[in-house]
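Below: the structure, in structure tokens.
The values are calculated or read from the model by the stated rules, or taken from the named source; none is laboratory data. Not measured: the values here are computed from a predicted model. In this analysis, Cβ positions are derived from the backbone assuming ideal geometry, glycine residues included, and neighbour counts consider all displayed protein chains. Ligands, DNA and RNA are stripped out before the accessible areas are found, and what is left, the full protein with its side chains, is counted by its heavy atoms. Shrake-Rupley method; radii C 1.70, N 1.55, O 1.52, S 1.80 Å.
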Amino acid sequence: MSDILNNTLNLIDDIINKSEVKNKNFYSHILNLMSSLYKNCSLGIFFCENTEYRLRAARKNKKNILSYKINPVMVKKIFKNNSLQEFKTVEDDLFYTNTIVQKLAIKESVFGFCILSTKDEITEEMKNSFCAVVNLISYKIKDYELNEVFKIQLKAMQDAIIEKDNAYEIIKKQHKKLQELDKTKSLFLANISHELRTPLNAIIGFSQALDSQIFGKLNDKQAEYIKDIQISSLHLLGMINEILDISKFEAHAMKFSPSEINPTQSIKEVVNILEPLYKNKNIKVEIKNDFEGLINADSQKFQQILYNLLSNAIKFTPNNGLIEIVSHKHDANYILKIKDNGIGIDKKYHSKIFKKFVHLNNIYTTTQSSTGLGLTITKELVKLHNGKITLESELNKGTTFIMEFKNITV
Amino acid sequence: MKKILVVEDNELNMKLFYDILTYQNYSVEKSYDGLDAYNKLKVNKYDLVILDIQLPKMDGFSVVKNLKEEDIRLPSVIAVSACAMDCDKSRAKEIGIDTYLTKPIDVSGFVTTVKNHLNKTF
């Protein structure tokens, strides 16, 4: 008996390895094999193929394989019942009187049935060997299926790896290209900055020379125009510097060299620089400082933050307005507020205001051109100091920019 | 009269430096490229050099570096560059350039810087 089982196994292996499962040969072999186990018996195997149940049966005395669609009623009946049971079919020319059915199944997954049909009485021994063979076939089929699934998954994985590799190659190429582009951009910006500064040096230099009147006296109109040229030139220079700054931030090339500085001193210096601007509008600037210590900051960049926010405040505060600079220490953090009672910023713009190239349409900005980079740069500069910047503002009431620099007090 | 060498390849900027410095009663000599400046500094004596960095034939940094390597005594140097990248400033410091100004210059500030440098040599 065990020889027969081993032979069966080997045969099934052969068939499966030749990928012939579910083809005519497979059924034929299995059926012949099982028929040879019993005298005068007919065997049937049917598999679930999609929704159709197709019976393939062989009878020893008829060498051919029969294949026909099973009556669904019969299928239902078989499914309902436990495996290994006797049944009689109406389509009985295939079967003898003694017929048993065994599920081709592993646990709950049923993939077909084997039917044994014989003239003789089915002995207990026949039942057992039939069950054993059917179980073997079940496991082989399951193995084969798993193998197939595994193969498909392996193929999918290999494909995915190849795809991933390809994608990686593409990304690498694109990255290299981007780096080159970025380099080109930086070079371009450095060049453009140079190219713009060279003529600007002549424009500003000659107008300052004329303004100093060392080469001769100017009349009132000439003096006024030469001042206008200087203001416009400095404005242009400011924009060139902003473009250069933002490109440095984008290239992560902005240098940061902190040292211990006195923030109050820095504030006073910036206020002094801006004095002509706010005096011109009769704006009052008050410094309310509750912190006398030192902070760790990049002196030039800290002043740039102050300069940007203060000049903005002056720009958007009407004549006779008030600007307050309030600072204090909170734990090891340094808090700095710049508060004006100017035109204010509508709530809907609060989230956009630090973004690049944002211009708010109002009477002030329509008369003064700018790059729209000032606050973006300011935010980046604050970030460089381990700080964050927020604003509180209401239309026609004023704006307060609040900065909290973490752990920078000495 | 103090003698200043101005190295600048842009004609109008050269004119600006020349006019401002001659007005201050300095004797100004012009040089339009790095190689020419290098040769002039090798043989002539100056009290001060105003040196552009991006120059034809030899850049400003190389002029100073080459002369220092040949142990030629240099007058004090004011670099005036339009290149605003940070690296230039640190490079100037490395080479031993005393002062580094960025274009556009502030005329009165520039005159003061020149005066300070010339007083220092005494």
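Inter-chain Cβ neighbour count for B:16-29, averaged per residue, equals 2 (cutoff 10 Å, partner chain atoms only).
With a cut-off of at most 12 other beta carbons within 10 Å, and DSSP calling the residue loop, which GluC sites (Glu not before Pro) in region A:93-199 qualify? Please list them. Of the GluC sites (Glu not before Pro), the ones in loops of region A:93-199 whose Cβ has at most 12 other Cβ atoms within 10 Å are A:108, A:121. FRET efficiency for the residue A:151 to residue A:175 pair, using the beta carbon distance and R₀ = 41 Å, is estimated at 0.70. At an R0 of 41 angstrom, the distance between the Cβ atoms of residue A:292 and residue B:71 translates into a FRET efficiency of 0.20. Once the Cα-Cα distance is subtracted from the 0.36 nm per residue extended length, the residue A:235 to residue A:279 segment shows a gain of 13.9 nm. Residues of region A:370-392 falling in the label zone of residue B:102, defined by backbone nitrogen less than 19 Å from a point 7 Å along Cα to beta-carbon, are A:371-385. In a DSSP loop and with at most 14 other Cβ atoms within 10 Å, the trypsin sites (Lys or Arg not before Pro) in region A:236-338 are A:255, A:281. What spacing in nm lies between the two simple spin-label points modelled at residue B:42 and residue B:3, each 7 Å away from Cα in the Cβ direction? It is 1.7 nm. Estimated from helices alone, the mean residue ellipticity of chain B at 222 nm is -14500 deg cm²/dmol (sum of -39500 (n - 2.57) over DSSP H runs with n ≥ 4, per residue). All distinct Cα pairs of region A:174-250 go into the 1/r average, and the inverse of that average, the Kirkwood radius, is 14.6 Å. Among the GluC sites (Glu not before Pro) found in region B:12-116, those both in a DSSP coil and sparsely packed, with 16 or fewer other Cβ atoms within 10 Å of their Cβ, are B:70. Taking every protein chain into account, the 1.4 Å probe leaves residue A:221 with about 110 Å² of accessible area, to the nearest ten. Classify region B:3-120 as rounded, prolate or oblate, taking a ≥ b ≥ c as the square roots of the eigenvalues of its Cα gyration tensor: rounded when a/c is under 1.5, otherwise prolate if a/b is larger than b/c and oblate if not. Cα axes put region B:3-120 in the rounded bin. Overall dimensions of region A:244-346, expressed as equivalent-ellipsoid semi-axes from the Cα gyration tensor (√(5λ), whole Å, largest first), are 24, 19, 13.
Using a Debye calculation, one point per C-alpha and no hydration shell, please list log10 I(q)/I(0) for region A:259-405 at q = 0.09, 0.11, 0.14 Å⁻¹ in order. Here log10 of I(q) over I(0) equals -0.26, -0.39, -0.64. For peptide A:194-204, the mean count of partner chain Cβ atoms within 10 Å of a residue's Cβ comes to 6.
Taking all protein chains together, B:20, A:273 sort by accessible area into A:273, B:20, largest first [probe 1.4 Å]. For the set B:30/B:115; A:301/A:329; A:356/B:93, the pairs lying more than 26 angstrom apart at their alpha carbons are A:356/B:93. The packing ranking, built from the mean of other Cβ atoms within 10 Å per residue, places the peptides B:75-83, A:235-243 in the order B:75-83, A:235-243, highest first. Heavy-atom accessible surface of region A:174-250, averaged per residue, reaches 62 Å², computed with a 1.4 Å probe. Amide H contacts under 5 Å for residue A:333: A:407, restricted to partners 5 or more places along the chain or on a different chain, H placed in the peptide plane at 1.01 Å from N. Buried accessible surface for the A/B pair, both sides summed and rounded to the nearest 100, is 1900 Å² with a 1.4 Å probe. Stretched out straight at 0.36 nm per residue, the stretch from residue B:62 to residue B:120 would grow longer than its current Cα-Cα span by 18.4 nm.
Let me know the mean shielding of B:101-114 by other chains, meaning the per-residue number of their Cβ atoms within 10 Å of its Cβ.
What the average comes to for B:101-114 is 4.
Students sometimes get this wrong: rank B:73, A:197 by accessible area, probe 1.4 Å, all chains present, largest first.
Listed by decreasing accessible area, they come as B:73, A:197.
The calculated FRET efficiency for residue A:349 paired with residue B:93, based on their beta-carbon distance and R0 = 41 Å, is about 0.40.
A crude spin-label estimate for the pair residue A:383 and residue A:395, with each label 7 Å from Cα along the Cβ direction, gives 3.0 nm.
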